[in-house]
1. Which residue out of B:ARG112, B:ARG137, B:ARG198 is basic (Lys, Arg), in contact with a Cys (Cβ under 8 Å, 6 or more places away or on another chain) and free of Cβ contacts under 8 Å to residues at least 40 places away in the same chain?
2. So which residues in the stretch A:24-36 are within 17 Å of the chain's Cα centre (by Cα) and open to solvent by less than 10 Å² (accessible area, probe 1.4 Å), if there are any at all?
3. Considering (1) open to solvent by 80 Å² or more (accessible area, probe 1.4 Å); (2) in a helix (DSSP H, G or I), say which one B:GLN182 fails and leave the rest.
4. Which ranges mark the helices (runs of 4 or more DSSP H) fully within the stretch B:79-169 that have 2 or more residues being facing another protein chain (nearest Cβ under 9 Å) and within 20 Å of A:PHE173 (Cα to Cα)?
5. Considering only the stretch A:147-166, state which residues are open to solvent by 80 Å² or more (accessible area, probe 1.4 Å) and within 16 Å of the chain's Cα centre (by Cα).
6. Being among the β-branched types (Val, Ile, Thr) and touching a strand residue (DSSP E or B) at 6+ places or on another chain (Cβ under 7 Å) is the filter; apply it to the stretch B:1-27 and report the residue that is nearest to ligand 2 (Cβ to nearest atom).
7. If a residue must be part of a loop (DSSP other than H, G, I, E, B) and touching a helix residue (DSSP H, G or I) at 6+ places or on another chain (Cβ under 9 Å), how many such residues does the stretch B:1-42 contain?
8. Since B:ASP187 meets every condition but one in (1) of a type outside the set (Val, Ile, Thr); (2) open to solvent by less than 70 Å² (accessible area, probe 1.4 Å); (3) without any contact (Cβ under 8 Å) to a residue 24 or more places away in the chain, which condition does it not meet?
Amino acid sequence: MFIPGKIIAIFTFPGIIVHEFAHMIFCKIRKVAVFEVCYFQFDNPQGFVKHERTDNFTTTFLISMGPFLVNTLLCLLICIPAYLPVKFFEIDHLFSYFLVWLGVSIGMHAIPSDEDATNIFEQAKVSVKHFNILAIVSFPIIGLIYLFNALRMIWADLFYGIIIGLGIPSLLFG
Amino acid sequence: MRYKKCEICGKRAEQNKMVIVENTLYCIECFEKEFEEKELLNGKKVIRELDPTVCSNCNHDNGGEELPKLSIYPICLECKKVIDKQVFPDWVKAFIAGTIAIIIIGFIWNLRFFKAYEHIHTANTNYVNGNYENASRLMSLAVIEVPEVEDIKAMAGFFKGIDLLVKDSCTEALFLFEKYKQAIPADVNLKSFIIQARAGSFFDKKNYKGFLDASNQYLALDSTQAQSWAGVASAYSCLYAETKNEEYKTQTYTCLAKAMSLDSTSKQMKEYMNLIEYRIYSKQIIRREQFKKQFPTGWSKI
Ligand SMILES: [Zn+2]
Ligand SMILES: [Zn+2]
């Protein structure tokens, strides 16, 4: 089933806001100047962060991968309390379903975009010449990000959100 | 605004309009003249000079005083305010605060489910380890946390039933098993517990024919256990004590022999057989606890 990105964006808007917030917060942590942020819009891209260029690979890596850490963590923290009533005790409660929607929406936008991956890739090519370990490790990660984004066509983002939001709690609580 | 001296022509120029190429300071005119061909800059380190007293966003001149910096860029307070607002607007602050609040509320709101889960988990461990009293108590605590879940109520009833069964309160145990039998999962083998409770309940009511019938049903479920044969032997011994019919005595010894062939060493089995032998000899039907109290070191014919 094909649903335009704009429709998905509307239903999962908290994930986009958190994704851009994660980029922004890692800019602040790494003391990189941020000039402009769009947290949500209907046009493509649905959000962006314009920040100062940096030659530090770790900084670029953290800023680009920020959403992976922040969105995944928030998805898990929001979904864990809802898991027991919904799946373990099978109690229907609106608030629990709201938590699942919010958590999975945020989890769906955890994977860095192709632009984020390209940012890492461009700098990794330079840093790898200086035998930067993180740069070496980042190549397979970049590959996985491109692959994942291609698979968004078949709902890879939704599956990721569900695996984090419901799969991990099911491992914790059985 | 600050001025610096060009290291090429020696003229004073605005610092913001100067460039450092490989540690040499150029004014903009000298820079453009020297590097007219852009290729000349290849491989060279080029840095634009930044006047710390001029805002790099709005060009506001702060006189002699240095401005705060955004990364390396001097920024006036007005611009900093605007950029901060744009970069982290109030509605995003509210959204993030709201999300954190929802996480906290989510955990508090659903705390009872975590508690119930913990109680159920520990109750099951206690049940597996044979600590039925604790298992029953913990499962009842889980029911208090999630009273709306019927399955948990049924499991609490079942654990309570098992606890009563091992304490020989068979009639009460049977009542609980019957009450919740629809909701108890199939894998707990409720049928055998119901038969045991029924046997005990018949014994309590001195209905020894019913006791024999239930004991035979239990034997039919599992004839590989000494306990099953001893149960039937016990029922026959009660009938013998009641009726003095020798046939029942013969049946008692037949079943006892079968039980002995399966287990003649365990303490529990030895005690049980001793009780049956006493019953045959004395034609008195007393409960196990009473027997233990009366003959703490066991009974013998002398
Ligand atoms: Zn000059
Ligand atoms: Zn300014």
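1. Testing whether each residue is basic (Lys, Arg), in contact with a Cys (Cβ under 8 Å, 6 or more places away or on another chain) and free of Cβ contacts under 8 Å to residues at least 40 places away in the same chain leaves just B:ARG198.
2. Initial filter on the stretch A:24-36 (within 17 Å of the chain's Cα centre (by Cα)): A:24-27.
Scanning the stretch A:24-36 gives A:MET24, A:CYS27.
3. Exception for B:GLN182: condition (2).
4. Values: elements: B:90-109, B:111-128, B:132-145, B:150-166.
Where helices (runs of 4 or more DSSP H) fall fully within the stretch B:79-169 and carry at least 2 residues being facing another protein chain (nearest Cβ under 9 Å) and within 20 Å of A:PHE173 (Cα to Cα), they are B:90-109, B:111-128, B:150-166.
5. Restricting attention to the stretch A:147-166, the residues satisfying the condition of being open to solvent by 80 Å² or more (accessible area, probe 1.4 Å) are A:147, A:153-154, A:159, A:163.
Selection gives A:LEU147, A:PHE159, A:ILE163.
6. The initial filter retains those residues of the stretch B:1-27 that are among the β-branched types (Val, Ile, Thr), namely B:8, B:19-21, B:24.
Applying the additional criterion that residues be touching a strand residue (DSSP E or B) at 6+ places or on another chain (Cβ under 7 Å) yields B:8, B:19-21.
Working: B:ILE8: 31, B:VAL19: 22, B:ILE20: 24, B:VAL21: 28 Å.
Looking at residues that are among the β-branched types (Val, Ile, Thr) and touching a strand residue (DSSP E or B) at 6+ places or on another chain (Cβ under 7 Å), I get B:VAL19.
7. Step one: list which residues in the stretch B:1-42 are part of a loop (DSSP other than H, G, I, E, B), which gives B:1-2, B:6-11, B:22-23, B:35-37, B:42.
Of the ones still in play, those that are also touching a helix residue (DSSP H, G or I) at 6+ places or on another chain (Cβ under 9 Å) are B:1-2, B:6-9, B:11, B:35.
Qualifying residue count, the stretch B:1-42: 8.
8. Of the numbered conditions (1) of a type outside the set (Val, Ile, Thr); (2) open to solvent by less than 70 Å² (accessible area, probe 1.4 Å); (3) without any contact (Cβ under 8 Å) to a residue 24 or more places away in the chain, the odd one out for B:ASP187 is (2).
The values are calculated or read from the model by the stated rules, or taken from the named source; none is laboratory data. Just so you know, these numbers come straight off a predicted model, no measurement behind them. Cβ atoms come from the backbone with ideal geometry, glycine included; neighbour counts cover every protein chain shown. Ligands, DNA and RNA are excluded from the accessible area calculation, which covers all protein heavy atoms including side chains. Shrake-Rupley method; radii C 1.70, N 1.55, O 1.52, S 1.80 Å.
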